[in-house]
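Okay, structure first, notes after.
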Amino acid sequence: MAGNTTEQVLARYSAGPTSGVFTDGACIPNPGPGGWGAVYVVDNELIDRRFGHDPDTTNNRMEYTAILQGIALVPDQTPTIVWTDSNLAVRSLTEWAPGWAKRGWKRKTGPVENLDLVQPAFELLQAKPWIELRWVKAHAGNRWNEYADALASAWTRNVV
C-alpha cells in the first residue's frame with residue numbers, strides 16, 4: 001500500500017476542487033493497521049495538514065478520524081467544504097445521524113457503529129454550520145483527494 005508520496009501527487013495531479021479540506025482514511029488489511037490524512041487548501045495553496053496512524057483499526061474509523069482532524073484545521077467562521085471519498089461517512093453524518101441523535105444515538109436495527117467518532121463529528125458539524133461535508137470520487141485524479149490519500153498511507157513509507 002505504499003502509494004504515492006505527497007510530492008509525487010503534486011507533480012502528477014492537477015484536477016479537482018482547489019479549495020477546502022480533503023480527508024482520507026485507509027486500512028490494510030481491514031481491520032488492521034491504518035492511517036488517516038487531512039489537508040486544508042485555499043486556491044490550490046496548502047495551508048495546513050495532519051496525518052496519523054493506528055496499529056489496530058478499520059478503514060471507516062480512519063475516515064471518521066480524518067474528518068474530525070480536518071474540521072479542526074478550519075479557522076472559526078470560515079465557510080469551507082470538507083471533501084471525503086467515504087460515501088458512508090457523508091451519509092452517516094448528513095442523513096442518518098440526525099435520526100440516531102433523536103433516538104438517543106441508536107439505530108433502528110442496533111447500535112451505531114463507531115459512535116465514539118460519529119457522534120463528535122456530527123456534533124461538530126452541527127456547531128459549525130459554515131462547514132459543509134461533501135463526497136468526492138476516490139482515485140479519480142483529484143489532486144487534493146490524492147494528497148489526502150498519500151497522507152493516509154504515509155505510515156507505510158519512510159517519506160510522507
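Structure summary
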| item | result |
| --- | --- |
| Residues located in the range 12-32, provided they are surrounded by fewer than 18 Cβ atoms within 10 Å (Cβ to Cβ), more than 15 Å from Arg143 (Cβ to Cβ) and touching a residue at least 24 places away in the same chain (Cβ under 8 Å) | Ile28, Asn30, Pro31, Gly32 |
| Residue match in the range 53-61 (condition: surrounded by fewer than 14 Cβ atoms within 10 Å (Cβ to Cβ) and at pLDDT 95 or above) | yes |
| Residue among Trp100, Trp83, Trp96 that alone is at pLDDT 95 or above, surrounded by 14 or more Cβ atoms within 10 Å (Cβ to Cβ), in contact with a helix residue (DSSP H, G or I) (Cβ under 7 Å, 6 or more places away or on another chain) and of a type outside the set (A, V, I, L, M) | Trp83 |
| Contacts under 7 angstrom Cβ, first residue in the range 81-93 being under 12 Å from Asn60 (Cα atoms) and in contact (Cβ under 8 Å) with a residue 12 or more places away in the chain, partner assigned to a strand (DSSP E or B) and acidic (Asp, Glu), 6 or more apart | Asp85/Asp24 |
| Residues (touching a residue at least 12 places away in the same chain (Cβ under 8 Å), surrounded by fewer than 19 Cβ atoms within 10 Å (Cβ to Cβ) and among the polar types (S, T, N, Q)) located in the range 124-160 | Thr156 |
| Count of residues meeting criterion [closer than 10 Å to Cys27 by Cα and under 14 Å from the mean Cα position of the chain (by Cα)] in the range 43-63 | 7 |
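The values are calculated or read from the model by the stated rules, or taken from the named source; none is laboratory data. The model shown is predicted, which means the values in this text are computed figures rather than measured ones. Please note: Cβ atoms are built from the backbone with ideal geometry, for glycine as well, and neighbour counts cover all protein chains shown.
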